Structure formats: structure tokens, C-alpha cells
Amino acid sequence: MQIPVHKTSVMQALQNAVARGYVWHVSGVIAADKFLALEDKFAERYDIGLSRWQRCRQRRQGAAGVRFFAYPEQGTTRFLWWLLFTEGESNVFQQEHGRRKASDRKGRLFWGTEFELVQLPTPNGKVSWSWRMTRERVQAWQEEIQAAIRTTRDDNAIKAVMARLVRLPGFKGVRQQVFELHRFAKDDWGRIRRKAKSWEPPARPGYVRFRSDETASAAQVVQRLLMGKAPFGKEPVGSERELPEEGAMPAVNENSQTGLPIPRGLDASRVLLIREAEQIRTFIAERWSYESIRLWLLDRYGEAFDIPLPAFRERVRRALQAKAGSVLKGKAEAIQAVRVVDQAKEKESEPVKEHCLSWEDRRTGRFPGSGTNVVHRKKPNRDELY
């Protein structure tokens, strides 16, 4: 799966999903080294990799739509994850016993201990979904504001708190709470600093805009977390000697049949599936079962394919898609290169244009045409000079 780089984008996606009927949810926190296994389990059970049009088609047929969201928890090596689903026929209602409904007061959807998704009234008398801070988080902000105001040496402490408060995601509920915290800070300032000059808090956070955010693959984010780096970044993850043993894929030996190194680690099976993509396509065309293909790979590469059959089937599907995409890209580049060569040959084979100029043209400097070879075939006579 692809994980958006910015936290606000994931919060927007969760808010929109709940507003569109995905009100049932199961959520939790999981360590980074176990996240990919959780993703494979949900992909096996609930088909979380479907496109929006496939989910729409399923919901029209009476089946429940299922969506999976995740984001790395700040300052830790864990992931916050949410499994959302709609009303309808699905085995998710039988297998997920801890499900809750976001519209119930005791079943609200939370972002860790910071935010909760609630329904707020609108001016036209209706309600809309929005994020707001939890009661515990608001209480923590009030205590921090009080401590900063009581630091009477300078005003840098309260300015720093207000600057952090303005950078919160500007959802409707959060903006209302920030306005209340500004009023709380102004009242406490007037009560504690009576002789000091009056102080006005800064503006509220800006509105949240809908945008298409850049994403990163879940495997890459997990690898960066296991290495102790920030979950997102443009710098390369590092060489194999820099990677820890759990997240690296060093070659431990060579396969006697292929002569290629056998990787190990979390993504070993994905690398090997892409390597054997052509052979797997041949097996599928010959009507081999997925269990037979898995046993063949298990005998060939060892414990990397000692995984459940549904998870193996999902990884095979992704590996074949990735291989097909790279092949198509290579063919397109080859076709473009052939076209460029053909165009160059055609240009070389074009006959050279010759243009005979009169003496008057040569005298006045008029040389019509572009890229032509001027040929002087005769000397000017006396009548042509003037």
C-alpha cells in the first residue's frame, strides 16, 4: 500500500471515508516489523487493494466496502492503523469482534490520543464530520499555556506555545478549540500579568485544503523506521552494509540452479517473486494451483515462502503487476529510441537542395530558403550588374 507523506492527508482521507458510509471501524497500534504481515492478512481476508470503482460496484451489489489506512506514529517505531467498512454482506462482521461505530459516542474514531472524529452542527441545521482535539489534549495545552505565562523573564515561552498551536491541522473542530485556547491564554495573561502590556494571540490555523499528496510505499517506510531514520525522506535508504540485520536483505548464499544470490529479510519473498515472474506466468498458464507454485518456490528458495497461501496469492499478484509495469516501460523506451534513429536516417537520406541565384540576388544579399547550398553557375554579364 501507499502511505501519504503528510499527516493531514490521512486525516482527510479518514474523514471523507466516514462521511461516505464507512462508519464501522477497527483500529489499533502495531510495531513496524509486524505491519506488513498485518497488511497481508487484511488483503487476504477483505480485499483492501480494490480500486474505488470496484468498491463502488461491490456496494451496489450489497457487499460491504472495506478500506485500510495507516500512518507512522510520531517519535516511535509503530504504526497507527484503521480498518473501515460499510454496512453490507461481508465476513468482516464475523471476524472483527471489536468493531465500533463512529457515529456512536462511545465508538468514535481516534487518532492516537490527540484527535477524535465527531459530528459538528453547521449553520444550515445539518451536521458534518470533522476532527477535533480530545479532552485530555486540550487540558494539556491549557497547562502548557499557564506554565508559559508564568515564566515572567521574557515572552519567548508563550510565543513558542502559540506558534505550535497555530501549526495544528486546520479542521473545523480544531480551529474552534484553538480559538477557545487563545481566549483562555488572553484571560490568563490579563490575570497574571496585570502591569504588563496587553497581548493579542496570533491568528488561528489555516483552513485544510484538499490536495493530492505524495506517497511512499509501506515497505520503504517500515525499512526506514527499522533503521532508526525518519519515516519519510528523499535520501536513499542506504547500502546493505548500513542496514540492520532485520531489515536488510544480504545474500547468504547462491542458488545452485540460477547462480543468483538468495536474499533474506522482510521483503525476500517479494524480490524472489519478481525474479521468477516469467516462470510463475508459465505455471499459471499450465493451470498450476497457487499451492503447487508455493511448494515449488519453497523447495527452490527455502523458508522465504513458508507463508500462508492467501498472503502468497496476494504477493504473487503484486509481483506480476510490478514486473508487467517495468516491461511495458522498457518497451516504450525502446520504441522511442527506434523512432529517433529512423528519423535521423530519413533526414540524412533527404536530397540536398540546390538553388541557383541571380546576380541581383547575390548583390543585394537575398538568399532564400534555409539550409540550402548556393551554387554559382555563371559569371554576371554586364546587363545584370545594374
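The values are calculated or read from the model by the stated rules, or taken from the named source; none is laboratory data. On a predicted model such as this, the values are computed, not experimentally measured, just so you know. Neighbour counts run over all protein chains shown; Cβ positions are idealised from the backbone, glycine included. For accessibility, only protein heavy atoms count, side chains too; no ligands or nucleic acids. Shrake-Rupley method; radii C 1.70, N 1.55, O 1.52, S 1.80 Å.
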Worksheet item: How far apart, in nm, are two points set 7 Å out from the Cα along the Cα-to-Cβ line at residue 37 and at residue 299?
Response: 2.8
Worksheet item: Which pairs in the list 7/106; 126/172; 106/186; 126/186; 7/101 are over 26 Å apart, alpha-carbon to alpha-carbon?
Response: 106/186; 126/186
Item to complete: Specify the inter-centroid distance of the range 111-167 and the range 51-100, based on alpha-carbon positions, in whole Å.
Response: 29
Worksheet item: What order do you get for 56-66, 115-125 when each peptide is scored by the mean count of other beta carbon atoms within 10 Å, highest first?
Response: 56-66, 115-125
Practice prompt. Compute the accessible area per residue over the range 1-153, keeping the other protein chains in place, probe 1.4 Å, unit Å².
Written response: 54
Item to complete: Give the peptides 83-96, 41-54 in descending order of average Cβ contacts within 10 Å, highest first.
Response: 83-96, 41-54
Worksheet item: Taking only the alpha carbons of the range 50-176, what extent do you get along each of the three principal axes, in Å, biggest first?
Response: 66, 43, 27
Fill in: Calculated FRET value between residue 73 and residue 288, using beta carbons and R₀ = 56 Å, to 0.05
0.85
